Amino acid sequence: MRKLAILGSTGSIGTQALDVAARHSDRFTVTAIVAHSSAEKLFEQVRAFRPQIAALTVEPGEIPEDIRNACQWMFGENVLLDVVRACDADDILVSVVGIAGLAAVMESLKCGKRVLLANKEPLVAGGELVTEAAKKAGHPLLPVDSEHSAVFQCLQGAGPNRPERLILTASGGPFRTWAKEDIMMATKEQALKHPNWNMGRKITIDSASMMNKALEVIEARWLFDMPAERIDVLIHPQSVIHSMVEFEDGAVMAQLGTPDMRLPILYAMSWPERLATGGARLDFAQMKALTFEQPDLERFPGLGLAYEALHTGGTMSAILNGANEIAVDAFLHDRIRFGQIAQLVEETMHAVPLIHHATLDQVFESDRMAREKAQTLLKTSRFAV
Ligand code: NDP
Ligand code: MG
């Protein structure tokens, strides 16, 4: 029986993790759940899973009578860290959004807990520190992001053979075939409609701008200790191949499946075993074609920024991430056009001072400076809608 804590239990990843945990209740027990402000959803989860701890960053008006004494309740801004320290868990699934998960990831590793990582922004901002902490903790970071889970699965059984190249696939998002001028003017409704996956708002916007793939290139760099020039991105609109690795002899291993996040979530939970997800299976005879395209950096400049950030090194990836979080929020609040997201990130990257060999505090400081700079740039006439 593995004891699991879920940070971000009410989100897209969190609810799917609870779904597979319920399916295998003989294998997993959920001991803690944390969300931001979705109190009603969290109450329902407490009724269904009876965790020892339930927590929210925003204190709700009242806890319903029937569950008031069902568990320990924790509230407040620092609740992620408080829960990591207090919970009785072997594994912590980090599925909050944005850099908010970084301190929790570091604390989980410090407490000797295994981290199942959906939340990609901590690795983007603090990759070197996170991977070092995982090494010290003696646990592998178990990737939940589908591409990284695919690579991780392809590497099982590779023995001492290091892959020569990683090939991260990308659906291309809703604007894959759109002209640059149309992408510039895309609306929120259009950007929030992903062709293959149903996800939280931030990652859905990131997928449309291909900034998600940019974050994933940086994520892969750290998870698999692979230099940027050996991480390729390939557009694959059907989302059947979730990513591939190429070895020295030219052999390519790929992981395939229907687009269902429950597989990578459950694989991280049950690794090295495989358990049933209850999801649909691939039907090769019904499949029309698997197609591939080169990504177009002209129409999706965000992707190129990942390579620039990795080549520059230091805190540049943290700056990219902080600026992108502001840019996505600004787009969702009608403050910039869709096509300006990458522009705001790029201008911020070129304006914030870089720190090499940063400490955790310096990573947070770079993130703060990036956000401040992006907010200042947003007020300039170039970014007027
Ligand atoms: P959602 O927006 O659907 O869910 C986010 C969850 O985190 C919610 O439970 C939310 O609570 C909670 N949360 C947000 N901020 C905080 C905070 N500061 N403290 C405590 N809880 C918080 O996001 P997703 O599930 O889509 O994504 C989660 C992470 O996983 C992201 O980093 C994303 O990039 C990554 N990911 C997601 C995939 C997907 O298919 N969705 C695929 C691959 C990676 P509340 O409901 O109260 O707001
Ligand atoms: Mg992904």
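The values are calculated or read from the model by the stated rules, or taken from the named source; none is laboratory data. Note that the coordinates shown come from a computational prediction; the quantities given were computed from them, not determined experimentally. Backbone-built Cβ (ideal geometry, glycine too); neighbour counts: all protein chains shown.
List of remarks:
- Of the numbered criteria (1) in a helix (DSSP H, G or I); (2) within 14 Å of ligand 1 (Cβ to nearest atom), the one M106 fails is (2).
- Of all residues in the range 173-223, those that are assigned to a loop (DSSP other than H, G, I, E, B) and either under 11 Å from the mean Cα position of the chain (by Cα) or surrounded by fewer than 24 Cβ atoms within 10 Å (Cβ to Cβ) (or both) total 18.
- A Cβ distance below 7 Å, combined with a sequence gap of six or more or placement on separate chains, defines the contacts here; from the range 3-25, residues that are within 21 Å of A86 (Cα to Cα) reach residues that are in a loop (DSSP other than H, G, I, E, B) and among the hydrophobic types (A, V, I, L, M, F, W, C) in the pairs K3/A89; L4/A89; A5/C87; A5/A89; L7/V96; G8/V96.
- Filter result for the condition that a residue is within 18 Å of I13 (Cα to Cα) and assigned to a loop (DSSP other than H, G, I, E, B), over V46, V96, V30: V96
- Complete set of residues in the range 316-355 that are in a loop (DSSP other than H, G, I, E, B) and either farther than 15 Å from K373 by Cβ or touching a residue at least 24 places away in the same chain (Cβ under 8 Å) (or both): H333, D334, R335, I336, R337, F338, G339, A351, V352, L354, I355
- Consider the range 205-229 and keep the residues that are within 20 Å of F152 (Cβ to Cβ) and of a type in the set (D, E, K, R). The one that is farthest from ligand 2 (Cβ to nearest atom) is D225.
- When we screen L18, L4 for residues that are modelled with pLDDT of 95 or more, in contact with an Asp or Glu (Cβ under 8 Å, 6 or more places away or on another chain) and hydrophobic (A, V, I, L, M, F, W, C), the only hit is L4.
- The sole residue among I205, I218 that is within 14 Å of ligand 1 (Cβ to nearest atom) and under 26 Å from E107 (Cα atoms) is I218.
For every residue, the table says whether it meets (1) touching a residue at least 12 places away in the same chain (Cβ under 8 Å); (2) outside any loop (DSSP other than H, G, I, E, B); (3) over 22 Å from F152 (Cα atoms).
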{"position": "T277", "(1), (2), (3)": "yes, no, no"}
{"position": "L282", "(1), (2), (3)": "yes, no, no"}
{"position": "K288", "(1), (2), (3)": "no, no, yes"}
{"position": "T291", "(1), (2), (3)": "yes, no, yes"}
{"position": "L305", "(1), (2), (3)": "yes, yes, yes"}
{"position": "E308", "(1), (2), (3)": "yes, yes, yes"}
{"position": "H311", "(1), (2), (3)": "yes, yes, yes"}
{"position": "G314", "(1), (2), (3)": "yes, no, yes"}
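- Contact map, the range 126-155: residues that are in a helix (DSSP H, G or I) paired with residues that are polar (S, T, N, Q) and more than 15 Å from ligand 2 (Cβ to nearest atom), Cβ distance under 8 Å, separation 6+ or inter-chain. Pairs shown: G127/S317; L129/T359.
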